[in-house]
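Here is the structure we will look at, set down as structure tokens.
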Amino acid sequence: MSASTQDNNTGHSSLLPDPARRRKLRKQRALRDGLSRYGVGASGMGVIVALALIFVYLFYETMPMLAPVSMEVQTEYVLPGVQDSEATLHLSLDRYQTIGAHFTRSGKIHFFDARDGQLRETQQVSIPDGAVVSAFARAENRSGLFAYGFSDGSVLPLQVEYPQTFSDGVRQITTRIAFPLGDQPIRIGEAITGQYSTLAVVRGRGGYVVAGGTEQGEMAMAIFSTTTNMLTGEMRVQRQDFSLPSLDAPLRFILLNESLRNLFAIDAKGYLHLLDIVDRDNPVVIESKRLVNEGAHVSAAELLVGARSMIIGGSDGSVRQWFLVRGEDSNTPYMTPIRSFKGHDSAVTFIEPEYLRKGFLTGDATGEVGLHYATSSVTLKQLAVGDGGVHRMAMGPSDSLALVSLAGSDRVQVLEINNPHPQTSLSGLWGKVWYEGRDNPEYIWQSSSADDAFESKLSLVPLSIGTLKAALFAMLLATPIAIMGAIYTAYFMSAPMRKIVKPSIELMEALPTVILGFLAGIWLAPYIENNLPILVTGALLFPLAILSAGLLWVRMPERIRNSVSAGWEAALLVPIILLTGWLVLASSPWIEVAFFGGSMRQWLTDVGIPYDQRNALIVGLAMGFAVIPTIFSIAEDAVFNVPKHLTQGSLALGATPWQTVMGVVLLTASPGIFSAIMIGFGRAVGETMIVLMASGNSPIVNFNIFEGMRTLAANIAVELPETAVGSTHFRVLFLSALVLLFFTFVLNTAAEMVRQRLRKRYASL
């Protein structure tokens, strides 16, 4: 027997690998385990690193907006043509910031190198015999239009041009003075014989407009249009005069906008007189309003680019922005103080607007220069450039170079300015901003316009609200359908039917979202608009029909109920749902006529509910359809994987199947169900094509289901291909991408934390 045992043991031992092979197998197993362990770990770390790199890149692109503004004196030199401080009328720069122009009271215009002050050329403007220059006017910087006013009551508009030539591939800039109304002075007020104390010139609708005011409060204004004979080259000038009323105080400033609807006259007492000049034969004063505090007067006034905002500098150092606002009960505009900026310690002596943005420079009587930006309501920098008061300033079109002339000095300071993104303050991006032409502060996203003087509106609030709005309505549709469908499929449905239903629903996820968005925008949106009652009848009849079918089924004879295999009852609902859908669609016209006067959309409008064809409802339906497979698949797996001994034990103790679902299955599967909901919400937040094609892309701030929205993702997809690289718009789009990534990161992190807590809490079941 011992021999037999020995033989058996020997036979058993012969089945095992030899010790060397066993060692080799253990090494191979250890190698595979190590590769798996470290491979999975490295992949996980790779995901984390990739996510971190995305954060780093987005922050890298947005970080320039956080860079501090700099403004410092680069150099100084003697201003060509200066004889005394009173000689300088104005300074300007060409579009490339290479040539400066120095306008003097003697009628000479000196062109010089903006960097070193080297004189290039001097041109003389014709002055009438016996007259002197008494006033000077400039239009917007970008127009290059100016006007001299003479003591005999005549004016001479002129335009400074900088023609370019390219010799051997090198740009050469020359200077030229053009006279759009002729090279001889003209009069704008036949009844005014004295000299003008203030002058204004613009190129508006219909031609060139010149206006002037006197120390006696008299005003004159005329429009000049020109026609040129193509054969002879002869230019004819036609004029039309305005009958402007006289005021009771000396005039210090007259400002005009290009629309020629209003004239702004500011007197020596600090009052603004707003004139409506639409009726050229009968201009009227709409209102008179004090612009500065008592005891102070207006020492500087300029219109920002676009001539919609007025910057007022006071003798008390105050700096304020005003513009026209229409009242709620009236179409008559009135001047409103919009915002104040950090003031100066002494009187503001000069204001220099930027060429294409809503920024401006201010200078005071002590030689301090301030850099401000209107939209973001901030004073970006203040710098003392000298001991004398700021007499004149000029800013280049790229807003990176400025010339400053001080009173009592023959020298000019050249300021180097680094201010690429002035409008991206926290208040400008996330707060309500009072934009030009608006009646109240608002959250607005409007990054571009056909108008060169457009005020960009870059509030991220409408986009963030739109993102949450789209995701919310999509989840309201998708979550109950997907979760309840997952519970029924995993727990109540028969295995053969589950093998058909689950893959079919998961296959829905493969449908491209661009197709869903296309169908939603082209077919679903107009169909819903024309059949709005189906929303009401469908919300009522579908649940009612399903509940009625369930009640009817449980009251059927047991013989009939037993004829249907367990888990196949849901198939009986298919014809009921189809019949209910047909009833909902067929009854829509009758319900619309009976209850909504023939048009439910018009009825909504009449009761104060705006309706857009592409709205949050359409997005919710289409995006909800896209999100359902994601939530369903994860939730169904979570419910199906609940240990069978838990459900069987619950049933054995006398609980009904629904009691088991509510008391055992849902609690055990709750971490997975919650993860499914949050993953679906994260996908809805980042969805692009459906929102892009079905929402109308209206950046509005509300949660009206019948109005559209614009989401962060859709906005990036629409605007990023068209924006200039490195521009403020470009940076803000990257910031919105960072905000979107932050949203999803926070959601996923919160979801994981809640899931872990749920898992720990119900792990003992």
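Of all the numbered requirements in (1) more than 30 Å from F730 (Cβ to Cβ); (2) of a type outside the set (G, A, S); (3) at pLDDT 90 or above, K469 misses one, and that requirement is (1). Taking the criterion of being in contact (Cβ under 8 Å) with a residue 40 or more places away in the chain and assigned to a helix (DSSP H, G or I), the residues of the stretch 511-521 that qualify are T513, V514, L516, G517, F518, L519, A520, G521. Considering the stretch 559-585 alone, what residues qualify as being open to solvent by 40 Å² or more (accessible area, probe 1.4 Å) and either at pLDDT 90 or above or among the β-branched types (V, I, T) (or both)? Across the stretch 559-585, the qualifying residues are I560, V574, P575, I576, I577, L578, L579, W582, L583, L585. For the stretch 86-124, a residue qualifies if it is part of a loop (DSSP other than H, G, I, E, B) and buried (at least 16 other Cβ atoms within 10 Å of the Cβ), and the qualifying residues are A87, D94, R95, Q97, T98, R105, G107, A114, G117. Selection within the stretch 511-547: residues that are open to solvent by less than 60 Å² (accessible area, probe 1.4 Å) and under 26 Å from L572 (Cβ atoms). The member of this set that is farthest from the chain's Cα centre (by Cα) is A545.
Can you name every residue in the stretch 219-252 that is more than 30 Å from A301 (Cβ to Cβ) and in a strand (DSSP E or B)? Once the filter is applied, which keeps residues that are more than 30 Å from A301 (Cβ to Cβ) and in a strand (DSSP E or B), the stretch 219-252 yields T227, T228, M235, R236, Q238. Scanning the stretch 304-332 for residues that are assigned to a strand (DSSP E or B), open to solvent by 20 Å² or more (accessible area, probe 1.4 Å) and more than 16 Å from Y373 (Cβ to Cβ) yields a total of 2. Restricting to the stretch 203-222, name every residue that is out of contact with any helix residue (DSSP H, G or I) (no Cβ under 8 Å at 6 or more places or on another chain) and either charged (D, E, K, R) or open to solvent by 10 Å² or more (accessible area, probe 1.4 Å) (or both). Selection gives G204, R205, G206, G207, Y208, E215, Q216, E218, M219.
For the stretch 346-363, taking the residues that are closer than 19 Å to V378 by Cβ and not in a strand (DSSP E or B), the one that is farthest from the chain's Cα centre (by Cα) is identified as E354. Within the stretch 591-647, the set of residues being of a type outside the set (G, A, S), under 39 Å from the mean Cα position of the chain (by Cα) and part of a loop (DSSP other than H, G, I, E, B) comprises F596, V607, I609, P610, Y611, D612, Q613, R614, N615. Considering the stretch 523-581, there are no qualifying helices (runs of 4 or more DSSP H) wholly inside with 2 or more residues that are aromatic (F, W, Y) and more than 22 Å from A490 (Cβ to Cβ). The residue of the stretch 259-279 that is farthest from S315 (Cα to Cα), among those that are in a loop (DSSP other than H, G, I, E, B) and open to solvent by less than 10 Å² (accessible area, probe 1.4 Å), is I277.
Take the stretch 590-608 and flag every residue that is in contact (Cβ under 8 Å) with a residue 12 or more places away in the chain and open to solvent by 60 Å² or more (accessible area, probe 1.4 Å). If the condition is that a residue be in contact (Cβ under 8 Å) with a residue 12 or more places away in the chain and open to solvent by 60 Å² or more (accessible area, probe 1.4 Å), then F595, R601 are the ones that fit. Scanning the stretch 342-366 for residues that are buried (at least 22 other Cβ atoms within 10 Å of the Cβ) and farther than 19 Å from A307 by Cβ yields H344, V348, T349, G363, D364.
Residues checked against (1) within 29 Å of A626 (Cα to Cα); (2) free of Cβ contacts under 8 Å to residues at least 24 places away in the same chain; (3) open to solvent by less than 20 Å² (accessible area, probe 1.4 Å):
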position: S447; (1), (2), (3): no, no, no
position: A470; (1), (2), (3): yes, no, yes
position: I500; (1), (2), (3): yes, yes, no
position: E509; (1), (2), (3): yes, no, no
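Among the residues of the stretch 157-178, the one identified as surrounded by 15 or more Cβ atoms within 10 Å (Cβ to Cβ) and either charged (D, E, K, R) or in contact with a helix residue (DSSP H, G or I) (Cβ under 8 Å, 6 or more places away or on another chain) (or both) is Q159. Set side by side, the residues F674, F632, F681 differ, and just one is among the aromatic types (F, W, Y), open to solvent by 30 Å² or more (accessible area, probe 1.4 Å) and touching a Ser or Thr at 6+ places or on another chain (Cβ under 9 Å), which is F681.
Do you know which residues across the stretch 155-196 are among the hydrophobic types (A, V, I, L, M, F, W, C) and without any contact (Cβ under 8 Å) to a residue 60 or more places away in the chain? Listed by number, the residues that qualify are V155, L156, L158, F166, V170, A178, F179, L181, I186, I188, A191, I192.
Each row is one residue, and each column tells you yes or no for (1) without any contact (Cβ under 8 Å) to a residue 60 or more places away in the chain; (2) farther than 18 Å from L426 by Cα.
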{"position": "R29", "(1), (2)": "yes, yes"}
{"position": "G34", "(1), (2)": "yes, yes"}
{"position": "R37", "(1), (2)": "yes, yes"}
{"position": "V49", "(1), (2)": "yes, yes"}
{"position": "I54", "(1), (2)": "no, yes"}
{"position": "Y57", "(1), (2)": "yes, yes"}
{"position": "P64", "(1), (2)": "no, no"}
{"position": "V69", "(1), (2)": "no, no"}
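Scanning the stretch 722-734 for residues that are in a helix (DSSP H, G or I), open to solvent by 30 Å² or more (accessible area, probe 1.4 Å) and modelled with pLDDT of 90 or more yields H729, R731. Please find, within the stretch 125-143, the residue that is nearest to the chain's Cα centre (by Cα) out of those that are buried (at least 19 other Cβ atoms within 10 Å of the Cβ) and among the small types (G, A, S). By that ranking, first place goes to A139. Among the conditions (1) touching a residue at least 60 places away in the same chain (Cβ under 8 Å); (2) open to solvent by less than 20 Å² (accessible area, probe 1.4 Å), V433 misses just one, which is (1). For the stretch 133-152, a residue qualifies if it is out of contact with any Phe, Trp or Tyr (no Cβ under 7 Å at 6 or more places or on another chain) and either of a type in the set (S, T, Y) or not in a strand (DSSP E or B) (or both), and the qualifying residues are A139, E140, S143, G144, S151, D152. From the set of residues in the stretch 419-439 that are at pLDDT below 90 and of a type outside the set (D, E, K, R), which is farthest from the chain's Cα centre (by Cα)? Filtering the stretch 419-439 for residues that are at pLDDT below 90 and of a type outside the set (D, E, K, R), the one farthest from the chain's Cα centre (by Cα) comes out as G437. Checking the stretch 746-758 against the condition returns no match, with no residue being open to solvent by 20 Å² or more (accessible area, probe 1.4 Å), closer than 30 Å to L511 by Cα, touching a Leu at 6+ places or on another chain (Cβ under 7 Å) and not basic (K, R). Looking at this structure, is D399 on the phi > 0 side of the Ramachandran plot, of a type outside the set (A, V, I, L, M, F, W, C) and in contact with a Lys or Arg (Cβ under 9 Å, 6 or more places away or on another chain)? So D399 fits the description; yes.
For Q172, the stated conditions hold: it is farther than 18 Å from P157 by Cα and of a type in the set (S, T, N, Q).
The values are calculated or read from the model by the stated rules, or taken from the named source; none is laboratory data. Note that this is a predicted model, so its numbers are computed, not measured. Virtual Cβ from ideal backbone geometry, glycine too; neighbours counted across all protein chains shown. Note: areas computed on protein heavy atoms with side chains; ligands, DNA, RNA excluded. Shrake-Rupley method; radii C 1.70, N 1.55, O 1.52, S 1.80 Å.
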